[in-house]
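Novice: Sharing a structure with you now.
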Amino acid sequence: HSAVKLGLRLFPLLALALDLPENFFDDKVTKPAAIMRILHYPPQSGRVDDRVIGIVMRQVFTILYQQDEIPALQVLNSAGKWIQAIPIHGTLVVNLGDQLARWTNDVFKSTVHRAINRSGVRRYSIPLFFGTDYDVPIEALPSCVSDTHPAKYEPITAGEYVKSRLEATYTRSKAT
């Protein structure tokens with residue numbers, strides 16, 4: 001419950017950063033899609049290069065706890081280079097997801113990330129994938145569009161968007 005409460009506390013900060021009223025998201029997270037998982041990353045060996053693809057979250061954001069002593073999380077920076085997200089004791093990582101990127105018309109970008117575990121020991125992380133209520137329309141926010149920066153994405157509900165991304169993911173994996 002504490003992790004969900006933390007997630008809910010991030011929305012007013014996002015609203016203020018987007019020049020919106022602090023309570024803008026309140027009615028959009030009355031039944032938030034919040035899913036927590038425990039992920040296991042066994043030690044990896046062999047060659048890993050920049051062609052190893054990363055993933056992007058479908059939700060608004062992910063709050064991640066990672067083990068302090070076992071670095072593995074990498075993020076793709078704007079120059080297309082993978083950089084280590086070194087664990088800092090007592091902190092959490094917040095990765096932005098596709099729904100937030102769509103809502104902000106790419107003012108906030110999705111965090112492309114991957115885990116490469118070269119530690120020699122098993123690694124675990126605990127992400128909380130945090131989204132809005134499924135019936136909430138995801139369309140470019142007024143503060144994120146202009147004549148020179150028109151909306152890039154068609155409006156879609158959060159639930160339809162998550163469903164479409166899951167279908168695309170599982171269709172691709174069935175084909176391989």
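The values are calculated or read from the model by the stated rules, or taken from the named source; none is laboratory data. Just so it is clear, the structure is predicted and the values come from calculations on it, not from any experiment. In this analysis, Cβ positions are derived from the backbone assuming ideal geometry, glycine residues included, and neighbour counts consider all displayed protein chains. Ligands, DNA and RNA are excluded from the accessible area calculation, which covers all protein heavy atoms including side chains. Shrake-Rupley method; radii C 1.70, N 1.55, O 1.52, S 1.80 Å.
Novice: Confirm whether Asp133 is among the charged types (D, E, K, R), within 17 Å of the chain's Cα centre (by Cα) and closer than 17 Å to Val162 by Cα.
Specialist: Working: among the charged types (D, E, K, R): yes; within 17 Å of the chain's Cα centre (by Cα): yes; closer than 17 Å to Val162 by Cα: yes.
Yes; evaluated as a whole, the condition is true for this residue.
Novice: On to the next question. Report, by residue number, each residue of segment 125-176 that is touching a Lys or Arg at 6+ places or on another chain (Cβ under 7 Å) and of a type in the set (S, T, N, Q).
Specialist: Listed by number, the list holds a single entry, Thr132.
Novice: Same structure again: Does Pro32 satisfy the criteria of being in a loop (DSSP other than H, G, I, E, B) and surrounded by 12 or more Cβ atoms within 10 Å (Cβ to Cβ)?
Specialist: Numbers: in a loop (DSSP other than H, G, I, E, B): yes; surrounded by 12 or more Cβ atoms within 10 Å (Cβ to Cβ): yes.
So Pro32 passes the test.
Novice: Given the conditions (1) more than 19 Å from the chain's Cα centre (by Cα); (2) at pLDDT 85 or above; (3) open to solvent by less than 60 Å² (accessible area, probe 1.4 Å); (4) over 19 Å from Glu139 (Cα atoms), and given that Pro43 satisfies all but one, which numbered condition is not satisfied?
Specialist: (3)
Novice: Here's a follow-up. Any residue that is under 23 Å from Val4 (Cα atoms) and among the hydrophobic types (A, V, I, L, M, F, W, C) - is there at least one of those in segment 134-146?
Specialist: Kept after step one, since they are under 23 Å from Val4 (Cα atoms), are these residues of segment 134-146: 134-138.
Next, from what is left, pick out any that are among the hydrophobic types (A, V, I, L, M, F, W, C): 136, 138.
The answer is yes; a qualifying residue exists.
Novice: Inside segment 16-29, can you point out the residues that are touching a Ser or Thr at 6+ places or on another chain (Cβ under 8 Å), assigned to a loop (DSSP other than H, G, I, E, B) and surrounded by 12 or more Cβ atoms within 10 Å (Cβ to Cβ)?
Specialist: Leu18, Leu20, Phe25, Val29
Novice: Enumerate the pairs (first residue in segment 137-156 and in contact (Cβ under 8 Å) with a residue 40 or more places away in the chain; second residue anywhere and open to solvent by less than 70 Å² (accessible area, probe 1.4 Å) and among the aromatic types (Phe, Trp, Tyr)) with beta-carbon separation below 6 Å, excluding pairs fewer than 6 apart on the same chain, so at least 6 apart or on different chains.
Specialist: Final answer for the pair search is Leu141/Trp103.
Novice: Then there's this: Given the criterion at pLDDT below 90, within 15 Å of the chain's Cα centre (by Cα) and hydrophobic (A, V, I, L, M, F, W, C), identify the matching residue among Val56, Val52. I'd like the intermediate steps shown before the answer.
Specialist: Values: Val52 fails: within 15 Å of the chain's Cα centre (by Cα).
Result: Val56 is the single residue among Val56, Val52 that is at pLDDT below 90, within 15 Å of the chain's Cα centre (by Cα) and hydrophobic (A, V, I, L, M, F, W, C).
One line per residue, one yes/no per condition, for (1) touching a Gly at 6+ places or on another chain (Cβ under 8 Å); (2) among the charged types (D, E, K, R):
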position: Ile70; (1), (2): no, no
position: Ile86; (1), (2): no, no
position: Gly97; (1), (2): yes, no
position: Asp106; (1), (2): no, yes
position: Tyr134; (1), (2): yes, no
position: Glu139; (1), (2): no, yes
position: Ala151; (1), (2): no, no
position: Tyr161; (1), (2): no, no
position: Thr169; (1), (2): no, no
